[in-house]
Structures are given as C-alpha cells and as structure tokens.
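Peer 1: Following this message is one structure expressed as structure tokens.
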Amino acid sequence: MKILLTGAAGSIGRVLIPGLTDRGHQVVALDRVPVPDGFDGVWHTVDCADPDAVAAALDEQPLDAVVHLAGHPGEASLPESLTSHVVTTAALLDAMVEQQIPRIVYASSNHAVGRTPRVESLGEDLGVLTRPRPDTFYGVGKVAAEALLSLYVDRHGLDAVSCRIGSFLPEPETVRHLSTWLSHDDCVRMVEASLTTTAPGYAVLYGISANTRAWWDLAAGRALGYEPRDNAEEFATRVPDRPQDEAEAAFVGGPFAGEAFYRPALDRASV
Ligand code: 15L
C-alpha cells in the first residue's frame, strides 16, 4: 500500500516508517519539522492544522491510506488540544474525501477513556463499547477526533480505525506500564492490521501488547487481525515499585487522571 504517515518525526513515526517499509509498504512522510538528516524517502514539511497545505501534500501522489499520528502527546489547554487532535484530523479527512483516499488509521489514546475507574473494570477488561470518559483535555481531543472519524465514515463511506494506544515504549518502566505497554513490534502489527483488515467501517481497538496484566480487552483488535506477540510481564522483575503505583492504578489513564493534571480549559491573558 502507499501510505501517507503524519507525525513522521515523532517516536511512533520513527518506528512505523521502517516497520511498514520492511513489510512492503511505501510510506510518504509528513511532519511540521523539516526532513531529518539521512532520511531518503518523500517528506512533506506541513502543519496538519493547515487544510490547504494538507490538501496540497495529499494531492502530490496517489495514496491508499493515511496513518495519522501527528498531535501533541500530552496535556494542553482545550483550544490547543482541539487544534492538535481534531482540526488536524478534519484537514486530513476533507482532503481524503476530495481525493478519494479510502482509509485512515488514527493514533487515538487510552486517555479517551482514562477517567474510567479501575474498580469498575476489575475482573473484566475494558471493552471498546465503554462510554468515552476522557481524563484530560488531551483525552477530550482524542474523543472528539474519534467522533469526527465516525461521522466521515457514515457520511462518505471511508474506513477508519481508531487505535487507543496505551504506553508506547521500548520496554515498560512502571508498574502501570505492565498493564498498558505497547511494544514497538506490536505497534507495527497493530497499524498494519488496521490498514489491511477488510472493510472495517468505523472501528476502535486498544493498542497494547498481549500483557498478562492488561486492563483493556484485545478482542476488538483481534477481530481486525491484530495479534500482539509481546508481553510486558517479561520485564516485570526489572520494573521498580514506586509510592505512586497505587494511585496510578485507580483510573485506567493513570497519572493523567490525577489532580496534578487539573487546569483551566482556557488560558486567560489576565492570569
Ligand atoms: C498517551 O496517550 C500519551 O501520549 C503518552 O504521553 C502516555 O501518557 C501514554 O498515553 C500512557 O498512558 O502511558
């Protein structure tokens, strides 16, 4: 497949570009930062929040799909979060409709449901039908971007898969990560399955590895062909206990659900 990948310079992009290329896909990179030294493919330096620039970049080559990773990976004000996650997704979707690009795989986040108390899901992993329950304005942005994808699927017949990614890291570093970890190799498997599964319409999956202590249900991902092979448990003896582990297990979003992340939605000039 020929795939346009946004957020190419980010941590997930830097893993997916070689990972998808090794699996025979042709990746066109897009990021707002200039092409890094040594990159030898096609790179568009574009801010995804600029609809004209996005449309022009997508128009430069025929594409089979978009993988949308671009967006600030942490908490910000509500307007910043909406621009980073919703406006960028809208710019891509409008260009995809115009240019008849049929599929998008979206890097959503576990923080779309991060305020779900762990106690409610004990004994039963959280499924994709649970209500959106963001833990931050970041999570609100992800929920809203997922809603926008669903609208474009219904209106225009696109295929869209929202991958609610857990903790994408080379290896788990905290006790929470033993539940939420997504390995680099499993991330490539997840995105490839989302790109190639037959006619998903609008679908959601949890982007985690096959962790023994998983909090989220992998059934929806498996139904789309995502078969994770790694397990955070292999690293458990290397993960130190920390005083905040218990608090981080209260809500599935971990620290993002805590009071340290409470802030006003809007920045005011007078404050
Ligand atoms: C995410 O979605 C964030 O981008 C990342 O910073 C981590 O907080 C991760 O989730 C996580 O939940 O560990």
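The values are calculated or read from the model by the stated rules, or taken from the named source; none is laboratory data. A quick note: this is a predicted structure, and the numbers were derived from the prediction, not measured. When we count neighbours, we look across all protein chains shown, and the Cβ atoms used for this are built from the backbone with ideal geometry, even at glycine. Calculation scope for accessible area: heavy atoms of the full protein, side chains included, ligands and nucleic acids excluded. Shrake-Rupley method; radii C 1.70, N 1.55, O 1.52, S 1.80 Å.
Peer 1: Among the residues of segment 40-58, is there at least one that is out of contact with any Ser or Thr (no Cβ under 8 Å at 6 or more places or on another chain), farther than 24 Å from residue 146 by Cβ, surrounded by fewer than 18 Cβ atoms within 10 Å (Cβ to Cβ) and charged (D, E, K, R)?
Peer 2: So far as segment 40-58 goes, yes, one or more of its residues are out of contact with any Ser or Thr (no Cβ under 8 Å at 6 or more places or on another chain), farther than 24 Å from residue 146 by Cβ, surrounded by fewer than 18 Cβ atoms within 10 Å (Cβ to Cβ) and charged (D, E, K, R).
Peer 1: May I pose another question? Hey, does segment 206-213 have a residue that's modelled with pLDDT under 95 and among the polar types (S, T, N, Q)?
Peer 2: No, there is no match, as no residue in segment 206-213 is modelled with pLDDT under 95 and among the polar types (S, T, N, Q).
Peer 1: Suppose we filter 174, 180 for residues that are over 19 Å from the mean Cα position of the chain (by Cα), of a type outside the set (Gly, Ala, Ser) and crowded, with 18+ Cβ neighbours inside 10 Å; which single one remains?
Peer 2: Step by step, each of 174, 180 is checked, and only 174 is over 19 Å from the mean Cα position of the chain (by Cα), of a type outside the set (Gly, Ala, Ser) and crowded, with 18+ Cβ neighbours inside 10 Å.
Peer 1: OK, next. For residue 267, work out the one condition from (1) outside any loop (DSSP other than H, G, I, E, B); (2) of a type in the set (Asp, Glu); (3) out of contact with any Lys or Arg (no Cβ under 8 Å at 6 or more places or on another chain) it doesn't fulfil.
Peer 2: Of (1) outside any loop (DSSP other than H, G, I, E, B); (2) of a type in the set (Asp, Glu); (3) out of contact with any Lys or Arg (no Cβ under 8 Å at 6 or more places or on another chain), only one is false for residue 267: (1).
Peer 1: Moving on. Please count how many residues of segment 69-79 are in contact with a Phe, Trp or Tyr (Cβ under 8 Å, 6 or more places away or on another chain) and more than 14 Å from the ligand (Cβ to nearest atom).
Peer 2: 2
Peer 1: A follow-up question, please. State which residue is most open to solvent (accessible area, probe 1.4 Å) when the search covers only segment 223-239 and only residues that are in a loop (DSSP other than H, G, I, E, B) and without any contact (Cβ under 8 Å) to a residue 60 or more places away in the chain.
Peer 2: 229
Peer 1: Of all residues in segment 150-163 being open to solvent by less than 10 Å² (accessible area, probe 1.4 Å) and touching a Phe, Trp or Tyr at 6+ places or on another chain (Cβ under 6 Å), which is farthest from residue 188 (Cα to Cα)?
Peer 2: The residue in question is 160.
Peer 1: Tell me the residue from 217, 159 that is closer than 30 Å to residue 98 by Cα and under 19 Å from the mean Cα position of the chain (by Cα), please.
Peer 2: On inspection, the qualifying residue turns out to be 159.
Peer 1: Would you confirm whether any residue within segment 88-100 is more than 16 Å from the ligand (Cβ to nearest atom), under 20 Å from residue 247 (Cα atoms) and not in a strand (DSSP E or B)?
Peer 2: The answer is no, given that none of the residues of segment 88-100 is more than 16 Å from the ligand (Cβ to nearest atom), under 20 Å from residue 247 (Cα atoms) and not in a strand (DSSP E or B).
Peer 1: Please go through segment 242-257 and give me each residue that is more than 10 Å from the ligand (Cβ to nearest atom), open to solvent by less than 50 Å² (accessible area, probe 1.4 Å) and under 17 Å from residue 172 (Cα atoms), ordered by number.
Peer 2: Those that are more than 10 Å from the ligand (Cβ to nearest atom), open to solvent by less than 50 Å² (accessible area, probe 1.4 Å) and under 17 Å from residue 172 (Cα atoms): 245, 249.
Peer 1: What residue, among those in segment 108-138 that are open to solvent by less than 10 Å² (accessible area, probe 1.4 Å) and closer than 22 Å to residue 190 by Cα, is farthest from the ligand (Cβ to nearest atom)?
Peer 2: By that ranking, first place goes to 113.
Peer 1: If a residue must be touching a Leu at 6+ places or on another chain (Cβ under 9 Å) and either modelled with pLDDT under 95 or surrounded by 22 or more Cβ atoms within 10 Å (Cβ to Cβ) (or both), how many such residues does segment 66-84 contain?
Peer 2: Count: 5.
Peer 1: Okay, moving on. Determine whether segment 115-138 contains at least one residue that is under 17 Å from residue 78 (Cα atoms), outside any strand (DSSP E or B) and small (Gly, Ala, Ser).
Peer 2: Among the residues of segment 115-138, not one is under 17 Å from residue 78 (Cα atoms), outside any strand (DSSP E or B) and small (Gly, Ala, Ser), which makes the answer no.
Peer 1: Let me ask something additional. Considering only segment 91-107, state which residues are free of Cβ contacts under 8 Å to residues at least 60 places away in the same chain and surrounded by fewer than 21 Cβ atoms within 10 Å (Cβ to Cβ).
Peer 2: Answer for segment 91-107, where residues must be free of Cβ contacts under 8 Å to residues at least 60 places away in the same chain and surrounded by fewer than 21 Cβ atoms within 10 Å (Cβ to Cβ): 94, 98, 99, 100, 102.
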